[in-house]
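Visitor: My structure is below; once you've seen it, I'll send some questions.
Read-outs throughout are calculated quantities, based only on the coordinates presented, and are distinct from any laboratory measurement. Computed from a predicted model, the values in this text were never measured in an experiment. Here the Cβ positions follow ideal geometry from the backbone for every residue, glycine too, while neighbour counts run over all protein chains shown.
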Amino acid sequence: MPQVVLAPQVKTEIDRLAQVRQVDSELLEQFAYFVLEISQQQSSNKAQSLKTDELKKAIYKRFGVKNTSELKKSGAFRMATDGMDSLDFRLKPTWETLYRKFVGILPHEKSQEGYGCINGIDIFKYFKPWQVFGLDPKTATKNDVKAAYYQLSKIYHPDNLVTGDRAIFEQVENMYKSIIAGF
């Protein structure tokens, strides 16, 4: 028995489509339940955002300190954040910014979709070239990098009138250059 309930409007539309398309309404109803169940599963599988304390612990660990006071005094932290805008340690967004910069992708921001997202990474929020290119830095060759760049370039180059996007292409190009510089 399905765990979801179809709205009366959906059932009415199923009956209408079944009649117009000469399809079994039971089959359409089963499909509707299937789609709703998959949607619910995907919603429940989404990662929760980290709490501020969890963000702090990860940053403390990264810099080898025990608390915010020690973090502020840490030479490594001060050097790493030199040039960043003023940090307000009372605010969660500050800790999220630090986490993104020094630890990695926030769990709830993995598998992003939408503008500027490639392979689940928001390229305007994260500079993660290997993930964006879908490559393993330990095993990828220079030719692998070039091939991945070429594939992304075909999609995002501004000359592509359908999917081209200058801002995305420039980010992809910067990522490519940063990887190639390491070879």
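Visitor: Based only on Cα atoms, what Rg/Rh ratio does the chain have, Rh being taken as Kirkwood's radius? Walk me through the numbers on the way to the answer.
Guide: Working: Rg = 23.4 Å, Rh = 20.6 Å.
In the chain, Rg relative to Rh is 1.13.
Visitor: Return the distance in nm (one decimal) between the two label points of a simple spin-label model at F127 and S49, each offset 7 Å from Cα along Cα→Cβ.
Guide: 2.5 nm
Visitor: Taking neighbour counts of Cβ atoms within 10 Å as a proxy for exposure, in what order, fewest first, do K138, K154, K110 appear?
Guide: Ascending Cβ contact count within 10 Å gives the list K138, K154, K110.
Visitor: Give me F124, F77, F183, F63 ranked fewest to most by other Cβ atoms within 10 Å of their Cβ, as a rough exposure proxy.
Guide: Values: F124 12, F77 21, F183 8, F63 16.
With the sparsest Cβ surroundings first, the list reads F183, F124, F63, F77.
Visitor: Alpha carbon centre of region 53-85 versus region 119-179: separation in Å?
Guide: Computed from Cα coordinates, the inter-centre distance equals 31 Å.
Visitor: Could you give the size of the charge dipole of the chain about its Cα centre, using +1 on the Cβ of each K and R and -1 on the Cβ of each D and E, expressed in debye and rounded to the nearest 20? Spell out each step's value before the answer.
Guide: Details: 26 positive and 22 negative charges, 244 e Å.
The calculation lands at about 1180 debye.
Visitor: Taking the dipole about the Cα centre of the chain, with the C-beta of Lys and Arg at +1 and of Asp and Glu at -1, give me whichever of H157, L27, A181 is farthest to the positive side.
Guide: So the residue furthest toward the plus end is A181.
Visitor: Another question, then. Would you calculate the separation in nanometres between label points at D144 and E173, each defined as 7 Å from the Cα along the Cα-to-beta-carbon direction?
Guide: According to this spin-label approximation, the distance is 2.6 nm.
Visitor: Just list whichever of K73/K128; K66/K101; K57/K101 have alpha carbons separated by over 26 Å in the model shown.
Guide: Numbers: K73/K128 28 Å; K66/K101 19 Å; K57/K101 15 Å.
Result: K73/K128 exceed 26 Å.
Visitor: Can I ask one more? Tell me, I14, I180, I121 in order of fewest to most beta-carbon neighbours within 10 Å? Before the final figure, lay out the partial values.
Guide: On the way: I14 20, I180 13, I121 24.
Listed from fewest to most nearby Cβ atoms, that is I180, I14, I121.
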